[in-house]
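Right, one structure below, let's go through it.
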């Protein structure tokens with residue numbers, strides 16, 4: 001697991017013995033520390049990014065089909081750039097909006113989904 005390796009590099013003393021687990025996704029061998037891994041990027045956006053990354057490696061006919069598919073999904077793809085569909089983030093003025101109306105909402109929803117799925121082992125850390 002890629003994130004397991006990153007965590008070990010950044011915090012080698014504390015997380016050297018991380019193992020892949022479930023609920024939480026990673027835990028130390030002694031069972032004292034658990035880490036839940038999630039992505040705040042919505043599934044449909046992950047799909048769009050993955051498809052765009054492969055375009056330059058496939059034949060011309062399939063490139064055109066994939067670009068048309070991305071366009072249908074709201075993405076604009078060119079040889080060097082892919083723009084995402086508008087998600088209406090941002091605000092004007094000094095009054096901050098509800099956090100659900102900012103770019104944080106994807107993160108909040110990802111965490112809520114994980115928490116609400118339940119069945120987590122309670123660990124000291």
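Laboratory data are not the source of any read-out in this text; all were calculated from the coordinates shown. Note that the coordinates shown come from a computational prediction; the quantities given were computed from them, not determined experimentally. Glycine gets a Cβ as well: all are built from the backbone with ideal geometry, and neighbour counts include every protein chain shown.
Some observations on this one:
- Only residues that are part of a strand (DSSP E or B) and farther than 14 Å from residue 47 by Cβ were counted across the range 69-83, and they come to 2.
- Residue 65 in a helix (DSSP H, G or I) and more than 22 Å from the chain's Cα centre (by Cα): yes
- Test: residue 94 is farther than 30 Å from residue 118 by Cα and outside any helix (DSSP H, G or I): yes
- Boolean, residue 55 is surrounded by 14 or more Cβ atoms within 10 Å (Cβ to Cβ), free of Cβ contacts under 8 Å to residues at least 60 places away in the same chain and more than 28 Å from residue 122 (Cβ to Cβ): yes
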